[in-house]
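*Asks:* Before I ask anything, here is the structure I am working with.
The values are calculated or read from the model by the stated rules, or taken from the named source; none is laboratory data. Quick caveat: nothing in here was measured; it's all calculated off a predicted structure. Here Cβ is always computed from backbone atoms with ideal geometry, including for glycine, and neighbour counts include all displayed protein chains.
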């Protein structure tokens, strides 16, 4: 149980285009989802916290107009990288926190397998 | 702000060797502490956790004790296996007692562990 999927697993796009990454909780409902960026040989950096039905909360230094986050349902959050540039190339990881009584411990975060974005 | 510092890697061990990965933290409140593991090509998985001082988290032979006096949460395993090769992340959540941050995690930089037969 408590599986989180991401789609696509890897994507290559041209500079200036937009890319959407989906994060789904497959067997539980999540009121809160988190988006992280992982640089090579470096830690995960929290980009934003997404709560279902409300606007995402972005971490300092993360451009909200560039990284659009939508959390329209209790099982789906999307991250759209708008007007992508080569410096946006990275590994993007989402995590989901179950709602209390939603079939998984609500204290935990469950991570997706990540999406490798390459912007050429 | 909160921060987590892990020992520099990579760490290379022979099978059945003893493992220690050091982790120290800085936090203003009473955080919960976690170790996550990332196997090649997979997402992060929670390995163990401790939510208050002196708690010991354990799983799959790994252990870590929440030491408030030294602000540490070192990961140990008595006898590593080749299958333990992975990246290990120490993390804290400021959603300990009284926290209201929805469980935001602050991660250390990760330590690559390679275990040879």
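*Asks:* Scan B:72, B:83, B:14 and give me the residue that is modelled with pLDDT of 95 or more, under 25 Å from residue A:38 (Cα atoms) and in contact with a strand residue (DSSP E or B) (Cβ under 6 Å, 6 or more places away or on another chain). Don't jump to the end; show me each part of the working.
*Replies:* Details: B:83 fails: in contact with a strand residue (DSSP E or B) (Cβ under 6 Å, 6 or more places away or on another chain); B:14 fails: under 25 Å from residue A:38 (Cα atoms).
Only one candidate passes the filter, namely B:72.
*Asks:* Select, from A:53, A:61, A:16, the only residue that is modelled with pLDDT under 90, on the phi > 0 side of the Ramachandran plot and out of contact with any helix residue (DSSP H, G or I) (no Cβ under 8 Å at 6 or more places or on another chain). It would help to see each step written out before you state the result.
*Replies:* Working: A:61 fails: modelled with pLDDT under 90; A:16 fails: modelled with pLDDT under 90.
Of the residues listed, the single one that is modelled with pLDDT under 90, on the phi > 0 side of the Ramachandran plot and out of contact with any helix residue (DSSP H, G or I) (no Cβ under 8 Å at 6 or more places or on another chain) is A:53.
*Asks:* Which condition does residue A:72 not pass, out of (1) surrounded by fewer than 22 Cβ atoms within 10 Å (Cβ to Cβ); (2) in contact (Cβ under 8 Å) with a residue 24 or more places away in the chain; (3) more than 10 Å from the chain's Cα centre (by Cα); (4) in a strand (DSSP E or B), if it passes all the others?
*Replies:* Status for residue A:72: all satisfied but (2).
*Asks:* In the range B:17-31, what residues are part of a loop (DSSP other than H, G, I, E, B) and either within 12 Å of chain A (Cβ to nearest Cβ) or under 14 Å from residue B:76 (Cβ atoms) (or both)? Before you say what the answer is, go through the steps one by one.
*Replies:* First, the residues of the range B:17-31 that are part of a loop (DSSP other than H, G, I, E, B): B:17-18, B:22, B:27-31.
Scanning the range B:17-31 gives B:17, B:18, B:22.
*Asks:* Go through the range B:32-66 and count every residue that is at the interface with another protein chain (Cβ under 9 Å from one of its Cβ atoms) and in a loop (DSSP other than H, G, I, E, B).
*Replies:* Qualifying residue count for the region: 4.
*Asks:* Of the residues that sit in the range A:22-38 and are over 11 Å from the mean Cα position of the chain (by Cα) and surrounded by fewer than 19 Cβ atoms within 10 Å (Cβ to Cβ), which one is nearest to residue A:98 (Cα to Cα)?
*Replies:* A:29
*Asks:* Here is a further query. Looking at this structure, is residue A:79 under 10 Å from the mean Cα position of the chain (by Cα), away from chain B (no Cβ under 12 Å) and at pLDDT 95 or above?
*Replies:* Working: under 10 Å from the mean Cα position of the chain (by Cα): yes; away from chain B (no Cβ under 12 Å): yes; at pLDDT 95 or above: yes.
When the stated conditions are applied, residue A:79 passes them.
*Asks:* Return the residues of the range B:31-48 that are under 8 Å from the mean Cα position of the chain (by Cα) and farther than 17 Å from residue B:84 by Cβ; say none if nothing qualifies.
*Replies:* Matches in the range B:31-48: B:33, B:34.
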